[in-house]
1. Out of H332, H337, which single residue is in a helix (DSSP H, G or I), open to solvent by 60 Å² or more (accessible area, probe 1.4 Å) and either within 23 Å of F223 (Cβ to Cβ) or modelled with pLDDT under 95 (or both)?
2. When you look at L288, is it over 16 Å from V196 (Cβ atoms), at pLDDT below 95, among the hydrophobic types (A, V, I, L, M, F, W, C) and under 17 Å from the mean Cα position of the chain (by Cα), yes or no?
3. Identify the single condition in (1) open to solvent by less than 30 Å² (accessible area, probe 1.4 Å); (2) touching a Pro at 6+ places or on another chain (Cβ under 7 Å) that D95 does not satisfy, given that it satisfies every other one.
4. Scan Q362, Q264, Q282 and give me the residue that is part of a helix (DSSP H, G or I), farther than 30 Å from H68 by Cα, modelled with pLDDT of 90 or more and among the polar types (S, T, N, Q).
5. How about segment 335-377: which of its residues are among the polar types (S, T, N, Q) and under 19 Å from G320 (Cβ atoms)?
6. Out of W207, W280, W221, which single residue is touching a strand residue (DSSP E or B) at 6+ places or on another chain (Cβ under 9 Å) and surrounded by 20 or more Cβ atoms within 10 Å (Cβ to Cβ)?
7. Give D286, D268 a once-over and let me know the one that is over 24 Å from C364 (Cβ atoms), open to solvent by 20 Å² or more (accessible area, probe 1.4 Å) and free of Cβ contacts under 8 Å to residues at least 12 places away in the same chain.
8. In segment 139-159, is there at least one residue being farther than 24 Å from G178 by Cβ and open to solvent by 60 Å² or more (accessible area, probe 1.4 Å)?
Amino acid sequence: MLRSLVGSEMCIRDRYQRRVRGAVADQTMVSVSGLLPGLVAVVVAYLTLLLVMDQEISDSHFNDQPKHWPLPGLRFKSLALQDLQLNFVEAGPEDATKCMIMLHGFPESASAWGEYISHYALAGWHVVAPDQRHVNQSVQVDGTAPTLELLAQDTAALITQTSPCSKAVVIGHDWGAGAAWATALQHPDLVEALVVFNVPHLEVYRWHNLAGMPFALKEAWYFLMFGLTRPLAYWKCVKNDYSWFIWFTFGSSEPGTYSKAEIQAYKDMYDTSLWNALSWYQMGNDWLMKGLLPWSDSLMGSIWKDGNTPSTVPTLQLYGSKDMYIAPGMAHKSLSHEYVSHPKKKMVMFDAGHWLPKERPQECMAEIDAFLSSPWP
């Protein structure tokens, strides 16, 4: 979640990559380490500012409708993996010939996809939506931070062990979009098509996060706070019945997008699982920092080799132009051949914010339906 430096990004990236190709690893690390004191100073300033911020959102921002969850006809199940019980909901025909996996983001759960689950189950799709790793009751036994590789493995397991299809359309929003990208990159043979909300190809996101520092901290400071100062972040989030946390997250949605009942249900979930869910940002920071190493073996390897891991599956990218966490400027770059090599690809920009799936559900489902029903090249 950051603001892109669209005009200068290409030349900065090319210069950095040429420099690294001709330099040895220790020279690279020296240049990076030179930025650390300034970066640390900026982070400390932001954290100090955070301690005195105490905003909250008015209840009038949320509507008065009852919570439409659980949906009629849902089947609640769990999948036993090596290190956790992955809980999920299932809907639609159990012998369907078309299948879908829906991956939620932070700080939501499988319930975020309620309207989409109903739509596609009624249309004959077999739909599975998990509470992802470290969310709600899907908690890793050892309590350690997850990885993008593990999230991709979880999705692959859902396809191979719970789905009647050999492949599935994988849909994701926010961190769920990150998991969806990771699944398409690591298990393309299991992905019929990829639909991602608000998050570009992971290499594009990583480059903007790192090359844009320290300026990217204007939007990305919380990413570091949640991941690097987890105890402080947790204290801030739970303080005063989650008032600041709700303001910072759902407060950026269009008025009336969420109901008071939905927000209360999420608060009830946070009482037992927010500490675990914050580990996603520990995962994110580990992934970003490892990407600085020329020899990194993390997902997609080193930042200095970006553009070598394209999505090879049909890919639909949906963005909100008013997203305050993830710069929409990354959208067009994420559609280029070096990041999506499959000829069936499309990007749609909506006049909406980060909570696009909830703010424009009918328009988004229409775009998904049109994309999936159009001819494959």
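1. From the options H332, H337, the qualifying one is H332.
2. yes
3. Of (1) open to solvent by less than 30 Å² (accessible area, probe 1.4 Å); (2) touching a Pro at 6+ places or on another chain (Cβ under 7 Å), only one is false for D95: (1).
4. The conditions single out Q282.
5. Q362
6. Result: W280 is the single residue among W207, W280, W221 that is touching a strand residue (DSSP E or B) at 6+ places or on another chain (Cβ under 9 Å) and surrounded by 20 or more Cβ atoms within 10 Å (Cβ to Cβ).
7. D268
8. No, the conditions are met nowhere in segment 139-159.
The values are calculated or read from the model by the stated rules, or taken from the named source; none is laboratory data. None of the values given here were measured: they were computed from a predicted structure. Glycine also receives a Cβ, built like all others from the backbone with ideal geometry; neighbour counts cover every protein chain displayed. All accessible areas refer to the heavy atoms of the entire protein, side chains included, with ligands and DNA or RNA removed. Shrake-Rupley method; radii C 1.70, N 1.55, O 1.52, S 1.80 Å.
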